[in-house]
Amino acid sequence: MIDATRRGALGGLLMSSLVPAACSGAASTAHSATGGKPGVLRPGRAWKGVAGSGGTAPAQSDVPLGTLVPDERFTGGFSAAPGQWVHGEGIRITALGLPPQPADSSEINYFKEAVFYLEGNTVTVTEWSVNQTPVRLYDGRMVPQGSIGFSVEIGAGEGAVTAGDAILYCYLRGEHGLERRIELPLVINVDRSLDAERPTRFVDPIAGDDGAAGTKSAPWKTIGRGLCDRGVGDGGLLILARPGRYVEDRNSLPGTRRIENVRAIEVKPAEGLRADQVMVTRTHRYLPDARWIINARRVHFHAVTIDLSKIPRIMGARTTQVGFFGCQLLDRGRMYGDKDATGRSMGLNISNGDPRQWDIFPIFPYAGMGFYLLETLFDAAATIGPRLFRNVTAKLTTDSLQGGSGYDDVVIDGYDAVIGEPASLRLHLPATLTVDTVARDGQGNTVITVRDMGGMAALKKEWDLQVRVESGAAAGGKPRALVLSDPPARRIVVEGSMAAPLKPGDEIMCYRIWHVDFMQQGGVVRPGQRGMHNLTIFRYRAEGPTAQLFLTQGWVALQPGTVITATGTAFRVSSAAGQNEILPDDLLQLQGGPQSGEYRIVKSFDMASGSGVLLDPFSADQANVPIARSKAVTDFVMALSILRKTGSTPEMGQFQHGHRNFLLAQNSFLSQPLCLSFRNKFPGHGHRNHVQLFNLCSRIDSDTGELPRWGLRIEHAHVLRGSVRGKFGRARDAQLQFGQEERYQPFSGQLRMGRKPLIPFDSFGNPVDAESPVGAVAR
């Protein structure tokens, strides 16, 4: 249901549903949606075509709704790129997410409303829908967008100004908890009135000249010429005039600087051209380095192919935002490095020798600029750092979703991924090392001397360092763990006995495993770079051989010798080594005393005094007890997703130290021999409102045998093996067959939801109700 609130209701419905009590003074600026067809949100009459000129949107409220989860916030975001142009009628923008759920109750906190505010006007959406807006895929096909959430159609301004820059806000609310306000800058061109005034320039890689005017008759030669202060200009349209290769060998042109454009520049091929006909590339991976610098603040590429084999890094300033709409990002030839004569990968060299000898993994950067992928193909690359995945296809990827530092406020809305095998990161410059002598040590290990270490560094045993025999009688055998490398002695120690089959003259390769994961967070070097905060994942469907899920690898240690004194929720930390930087939602773990191992979440902290407040007290007061910072995930939602691990390594999903406001709903997690595991070997626990509802899982286990007893709720879970977990669950095995996009058929005896689902659709947009099976597929 969509309620187009009328102006006369400002004193009633609008005041209660849009303006928080703490911000009621903003009511005079929150005008209602009037005119046009029902459910269309138009900028108000006061709008001047400048973002924010139509009125002041109310602030995000911190006044709780209901009583179930008074201090937990709705998790969600927009399924659109910042600065997106709205060309023509019928375009709907979707917000998606879920309200927080209580761990100490069997009640369900259902979605209440999404109140959209656009330059003075509002529309309130009270029901879920599937967005049917037509979008163009990377292969040129037009399909419905398919986003499942709360949508509103954008219309032209209702006043004298009908087109221009605007900000769309949405207030996401459940029946309980705190609302979340999200915002999205847009360029509204519904009536196409901006077309005539919009600067348009052309690029022709054959007939063009970067010294020309950039007109149709005198085009530029490179895209970079158009993306600078002397280029197409703010909000311009850059047309790629012909099929072929657009070679971007220079990161900047003489006499040009970066353009801080407010309105997005769109880069599009000429009418009738497909993405596979327009290739953006380079002549070499280093010109002068591996980065293609985008010298504009906001750029949207449409229907082009980026050759990541020649452009492995796309970079810009921290404020840069780049969107890819219906594009292809490819590096098919270099996924696992060069191959030998037998076709076997020789591994990737990412640190040995001169930088120009390095292989470069085609990945987006951890931090800095924002990338937005919409209806795009990612093939043979690692997607590290995008802020939005919408209808993305990854045919071969190493880390299908890896969040680095500051990886917050990310939306996944339709992501189909096939994850490859782990890659090998070679530890020496040459492809292989030649064996000189072989012997045994007193611990049963194999000691190999090689003729040349090939620049290999001194190393000690780590769990992901391995040695593989490449030639001779032992070639093709199982890799062995590397115990030690001693470059001065040209000595490599390998775990176990290899002395018998390995001979002088044989070739070996030493390497580090590049692990592949469904989702992980890493790259953290500062306390504020925590990642996985306000992360919304809908319709994520993937398979991979060894992939991990919910993996948080990075956190920053407290100062050495830090101790905590806590009375109730009040605490103070101190260290002789210096001040600690502790942030809200940090997870602290006791390292000593009778309560050793207990975790608690920080509510607030004052760095100057070293004092703060916990969300919940420890089970007993503490006095100068050693304390450490641990791994945490806060405000996380995954729904309507199907993840399947095809290999035989142990678990798929690791629930680590602690989660706050963490929700898994209507998913299918399938793996062998284990599936979802609580990796907590301590008697304490760090969860606060970690809730799992209506999921199909292979099994749910814990390192300690028992699941955490505090802060965790599992209900209506069907496990295929192992013990029934939580309330209203079932354990019954079944053999599932998978088709495209990890689709499977529900099986006889599959647990039914038994009550109103959180989302009234399955992963493919089919309606569901209380009689539908749990998991991500209804039929």
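The values are calculated or read from the model by the stated rules, or taken from the named source; none is laboratory data. Keep in mind that this is a model prediction, so the values were computed, not measured. Methodologically, a virtual Cβ is constructed for each residue, glycine included, from the backbone with ideal geometry; neighbour enumeration extends over all protein chains shown. Note: accessible area is taken over every heavy atom of the protein model, side chains too, but ligands, DNA and RNA are not part of it. Shrake-Rupley method; radii C 1.70, N 1.55, O 1.52, S 1.80 Å.
Side notes on the structure shown:
- Region 184-245 - accessible surface per residue (Å², probe 1.4 Å): 42 Å²
- Protection proxy ranking of 579-585, 240-246 - average other beta-carbon atoms within 10 Å, highest first: 240-246, 579-585
- Residue ranges 757-763, 596-602 sort as 757-763, 596-602 when ordered by packing (mean number of other C-beta atoms within 10 Å per residue, highest first).
- The residues of region 433-563 expose, per residue, 40 Å² of accessible area to a 1.4 Å probe.
- Apportionment of accessible area to carbon and sulfur, region 472-626, percent (1.4 Å): 53 percent
- In this structure T256 has an accessible area near 30 Å², from a 1.4 Å probe over the protein heavy atoms.
- Straight-line cross-link partners of K478 among the aspartates and glutamates, defined as a Cα under 17 Å from its Cα and at least 8 positions apart when in the same chain: E421, D464, E470, E495, D506, E507.
- Helix-only CD estimate at 222 nm, as mean residue ellipticity for the chain, using -39500 (n - 2.57) per DSSP H run (n ≥ 4): 0 deg cm²/dmol
- Cut-off 14 Å between beta-carbons: net charge of the residues surrounding G647, Lys and Arg +1, Asp and Glu -1: -2
- For a straight C-alpha distance cut-off of 30 angstrom, the lysines reachable from K310 (same-chain residues fewer than eight places away being disregarded) are K216, K221, K268, K339, K395.
- Region 663-779: C-alpha gyration tensor shape, a/c 1.5 cut-off, then a/b vs b/c: prolate
- Normalised alpha carbon radius of gyration of the chain [divisor 2.2 N^0.38 Å]: 1.01
- Binning all Cα-Cα separations of region 57-130 at 10 Å, short to long from zero, yields these whole-percent fractions: 14, 44, 30, 11, 2.
- Note on region 442-550: Cα-Cα pairs beyond 20 Å make up 55% of the total pair count.
- Accessible surface area normalised per residue over region 59-156 is 30 Å², counting heavy atoms of protein chains with a 1.4 Å rolling probe.
- Region 553-620: C-alpha gyration tensor shape, a/c 1.5 cut-off, then a/b vs b/c: rounded
- Packing-based ranking of 729-739, 105-115 yields 105-115, 729-739, ordered from highest to lowest mean Cβ neighbour count within 10 Å.
- Taking other residues whose beta carbon is less than 10 angstrom from the beta carbon of Y138, and scoring Lys, Arg as +1 and Asp, Glu as -1, yields -1.
- Region 288-328: C-alpha gyration tensor shape, a/c 1.5 cut-off, then a/b vs b/c: oblate
- Carbon plus sulfur fraction of accessible area for region 421-470, probe 1.4 Å, in percent: 49 percent
- Computed on region 599-690, the Cα convex hull volume stands at 124 Å³ per residue.
- Sites A475 and R192, calculated FRET efficiency, Cβ-Cβ separation with R0 51 Å, nearest 0.05: 0.20
- Fraction of accessible area attributable to carbon and sulfur, region 75-116 (%, probe 1.4 Å): 41 percent
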